[in-house]
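The values are calculated or read from the model by the stated rules, or taken from the named source; none is laboratory data. Here the structure is a predicted model, which means the values were calculated and not measured. Every residue, glycine as well, gets a Cβ built from its backbone with ideal geometry; the counts of neighbours run over all protein chains shown.
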Amino acid sequence: MKHHIFKTVLCFSLLFAVPTLSHADDHWQFQNNKHYRIISTVENMSAEQQRIEVVEVFAYSCNHCFNFETYLDQFEKSKADYIDFKKMPVVFNDAYKTHARIYYTAESLGNLDVMHRKIFKAMHLDRKSLTDENEIYQLFAEQGISKQQFLSRFRSFTVESKVNRAQRLTSKYKIRSTPTMVINGKYTANGPAVKTFEDMLAVAKELAEREFLSQ
């Protein structure tokens, strides 16, 4: 009799569990190969557990990336607590290495928040190419950084290693254009149906939520 009651309760529970699972599937709005793409080789930049990494892959020479900054400011303010947001300079080839080195030099010196915008403005508003070492240093000098401090970081093994890793991840993530959002090293939010910055961020948020709930 007890066995019969247990089977009845179990069947009743499963009956109501099915719609719940179905509802969870229906919750997701975006589709593979339409709104995002799956990266075959998974690798993220963060070692933190229980955190979902969202990375903006950008180029200082990219005008769209410059315009995207305002949207990213809002994203950072409104993002879920479990999202670990980072940025990575794209390195398609050797020509991109100098600008990636500028980014990691600023990070190493601890003034990335200020320098990141200054670098964008120097390129897109002041029309500087930032390929000459002395020209690059002038941006740092404005922040009170000595030439010795700048060169010790700009030419350092640590910065060079980060540039090389960015180049490797650019290839692994199959980055073809910027800006691109990479979610947990598994997805890129750049499907053909993604037409606007708002679209890209909406896809990134949903994929981050999926990853978080799947843990």
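Output the residues belonging to the stretch 22-63 that are at pLDDT 90 or above and outside any loop (DSSP other than H, G, I, E, B).
Of all residues in the stretch 22-63, those at pLDDT 90 or above come to 28-39, 51-63.
Within the stretch 22-63, 32, 36, 37, 38, 52, 53, 54, 55, 56, 57, 58, 63 meet the criteria.
You will find that of 77, 86, the residue that is out of contact with any helix residue (DSSP H, G or I) (no Cβ under 7 Å at 6 or more places or on another chain), assigned to a strand (DSSP E or B) and at pLDDT 60 or above is 86 and no other. The residues of the stretch 137-168 that are of a type in the set (Ser, Thr, Tyr) and either touching a residue at least 24 places away in the same chain (Cβ under 8 Å) or in a helix (DSSP H, G or I) (or both), listed by number, are 137, 152, 156, 158, 161. Checked against (1) among the polar types (S, T, N, Q); (2) in contact (Cβ under 8 Å) with a residue 24 or more places away in the chain; (3) surrounded by fewer than 19 Cβ atoms within 10 Å (Cβ to Cβ); (4) not in a loop (DSSP other than H, G, I, E, B), residue 134 meets all criteria but (2).
Before we move on, is residue 153 among the basic types (Lys, Arg), over 19 Å from the mean Cα position of the chain (by Cα) and surrounded by fewer than 22 Cβ atoms within 10 Å (Cβ to Cβ)? Write out each step before concluding.
Values: among the basic types (Lys, Arg): yes; over 19 Å from the mean Cα position of the chain (by Cα): yes; surrounded by fewer than 22 Cβ atoms within 10 Å (Cβ to Cβ): yes.
Answer is yes for this residue.
State which residue is farthest from residue 63 (Cα to Cα) when the search covers only the stretch 176-215 and only residues that are part of a loop (DSSP other than H, G, I, E, B) and free of Cβ contacts under 8 Å to residues at least 60 places away in the same chain. Selected residue: 214.
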